[in-house]
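Report on the following structure.
The values are calculated or read from the model by the stated rules, or taken from the named source; none is laboratory data. What you are looking at is a predicted structure, and each value in this text was computed from that prediction instead of being measured. Cβ: placed from backbone, ideal geometry, glycine included. Neighbour counts: every protein chain shown.
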Amino acid sequence: MDVRDSLLTAAVTVFAEAGARGATTRRIAQAAGVNEVTLFRHFHSKDELLHAALERFAERATAASPLPLDPVDPPAELLAWCRDQHRELYRLRALIRKLMAEREEHPAHCAQGMQASVRIARTLVRYLAELKRRGLARGDWDERAAAAMLMGAIFTDAMGRDTMPERYPYSMRAAVGKYVDLFLNAIGVERRPARARRSPS
């Protein structure tokens, strides 16, 4: 990992721990294993560094687990995708909470970090629209509202599981499966027997 990458990674980690105020250039430089002089050779200010770090975070989060452009098996595809999304949200929950908590004081940081959610939602909306177009899902429903419903369930679970454990009696894996089952029923996806399913190409 080069110096710039180390600084970007360190900036996200320190921001998640301490927020914008506590994420000093000194602390970020120490976490990256460099000195502040080196940091300022790559970035002119802390704001520039945090912006670049959150931008890269959003790009990587979006690319982590794409949905297929050519849907074949919606139950399997959505379940795998939702489990990946939940796992990443849970892993990054401290960062996401910090971004949301600092929305009023640092709206630009929040907007930059939350671009990941915006891009992921667009991917899901496109996938759901394609399911409708191909007749793999039935009924009269709006793909944007459907995407918001599914993502909302996954997000709420990932953010609230460790703070309100009594609300989540199932394991993470089981819970995501239940959310996806309810969602598939809501959008009218027919379940085919496992032997009749084709693997996505």
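Residues considered: LEU50, LEU78, LEU39. Of these, the only one that is in the same structural domain as LEU184 (by TED's automatic domain parsing) and over 14 Å from the mean Cα position of the chain (by Cα) is LEU78.
Hey, any hits in segment 57-68 for a residue that's of a type in the set (D, E, K, R), crowded, with 17+ Cβ neighbours inside 10 Å and either assigned by TED's automatic domain parsing to the domain that holds MET149 or under 30 Å from LEU131 (Cα atoms) (or both)? No, segment 57-68 has no match at all.
Does LEU89 count as buried (at least 16 other Cβ atoms within 10 Å of the Cβ) and modelled with pLDDT under 95?
Working: buried (at least 16 other Cβ atoms within 10 Å of the Cβ): yes; modelled with pLDDT under 95: yes.
Yes: the conditions hold for LEU89.
A single entry from ASP157, ASP142 fulfils the requirement of being in contact (Cβ under 8 Å) with a residue 40 or more places away in the chain and over 24 Å from THR9 (Cβ atoms): ASP157. Taken across segment 28-42, residues that are among the basic types (Lys, Arg) and out of contact with any helix residue (DSSP H, G or I) (no Cβ under 7 Å at 6 or more places or on another chain) do occur, with at least one present. Restricting segment 137-172 to residues that are basic (Lys, Arg) and within 22 Å of ARG97 (Cα to Cα), the residue that is surrounded by the most Cβ atoms within 10 Å (Cβ to Cβ) is ARG161.
Cβ-Cβ contacts under 8 Å between residues 6 or more apart (or on different chains), taken from a first residue in segment 111-130 that is surrounded by 17 or more Cβ atoms within 10 Å (Cβ to Cβ) to a second residue that is modelled with pLDDT of 90 or more and among the β-branched types (Val, Ile, Thr), are listed as LEU128/ILE187. Selection over segment 63-98 of residues that are closer than 21 Å to HIS51 by Cα and either in contact (Cβ under 8 Å) with a residue 24 or more places away in the chain or touching a strand residue (DSSP E or B) at 6+ places or on another chain (Cβ under 6 Å) (or both) gives a count of 10.
Taking the criterion of being without any contact (Cβ under 8 Å) to a residue 24 or more places away in the chain and touching a Gly at 6+ places or on another chain (Cβ under 9 Å), the residues of segment 168-193 that qualify are TYR168, TYR170.
Here segment 92-147 is the region considered, the condition is being in contact with a Leu (Cβ under 8 Å, 6 or more places away or on another chain) and of a type in the set (Ser, Thr, Tyr), and the residue that is modelled with the lowest pLDDT is THR123.
Provide a single number: the residues in segment 1-29 that are of a type in the set (Lys, Arg) and under 14 Å from HIS106 (Cα atoms).
Step one: list which residues in segment 1-29 are of a type in the set (Lys, Arg), which gives 4, 21, 26-27.
From what is left, the residues that are under 14 Å from HIS106 (Cα atoms) are 21.
Going through segment 1-29 one residue at a time, the tally reaches 1.
Scan segment 157-182 for residues that are in a helix (DSSP H, G or I) and not hydrophobic (A, V, I, L, M, F, W, C) and jot them down. Residues satisfying the conditions are ASP157, GLY160, PRO165, GLU166, ARG167, ARG173, GLY177, LYS178, TYR179, ASP181.
If you go through segment 24-36 and pick out every residue that is under 17 Å from ASP2 (Cβ atoms) and within 29 Å of the chain's Cα centre (by Cα), you end up with 5.
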